[in-house]
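Take a look at the structure set out below.
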Amino acid sequence: MSDDPRPRPQYGEYATPEQQRAATRQPEPEPAAPVDPPHPPTAPATTVAARPTRMADRIITVALLAYGLVTVIGAIPQLVDFTSFAKTWMEVAGVDGEFTNTAQGALWGGVGATVFAVGWVLTAGLSWWSLAKGRASWWIPLVGAIVTFVIVSVCLAIPIFGDPGLVRGLALGS
């Protein structure tokens, strides 16, 4: 037994690559060229063509806008004839009485019809702009409809609840 824990190398197993090349008299290898030359850093693709298309978003957005347009076109004639609208509302609400606030009703009915039309046009314009930018747009018609409906509801509540006949009918019905 010897003091050396390892046996002596017979075929250069323990030699480094440099020692092996020196023993076989081979030249030093050339350093390998990088496979890809370094490129300057580039920003992520931001062009519309590089973004994935959102076909479902487009379909939903256009469908909601179409539904909103049909709703607005159907609501405008009802709001312009506000006396008939108020009478129908009172029947549905179960209020006995007759709508007598016709002058204020005509004014606020016209304001409500205008708000409906302008609200739809603004919502449609914002939706198309967002679609052109490639952004998710399905939520814009929903938010536009909610905001427009709240404003129109306030416009319609003013003449309805300003009518003494309606207030009397509500007081008697309670």
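A short reminder: the numbers here are calculations on the coordinates, not readings from a lab. Predicted, not measured: the structure shown is a model, and the values here were computed from it. As a convention, Cβ positions derive from the backbone with ideal geometry for all residues, glycine included, and neighbour counts pool all protein chains shown.
Note on the range 84-174: Kirkwood radius taken over Cα pairs, Stokes-Einstein applied at 37 °C and 0.692 mPa s, translational D equal to 221 µm² s⁻¹.
What does the charge count near Met90 come to, summing +1 for each Lys or Arg and -1 for each Asp or Glu among other residues with Cβ under 11 Å from its Cβ?
Values: positive: Lys87; negative: Glu91, Asp96, Glu98, Asp163.
Taking every Cβ under 11 Å from that of Met90, the sum is -3.
Using C-alpha pairs below 8 Å separated by at least 6 residues, the relative contact order for the range 56-173 is 38 percent.
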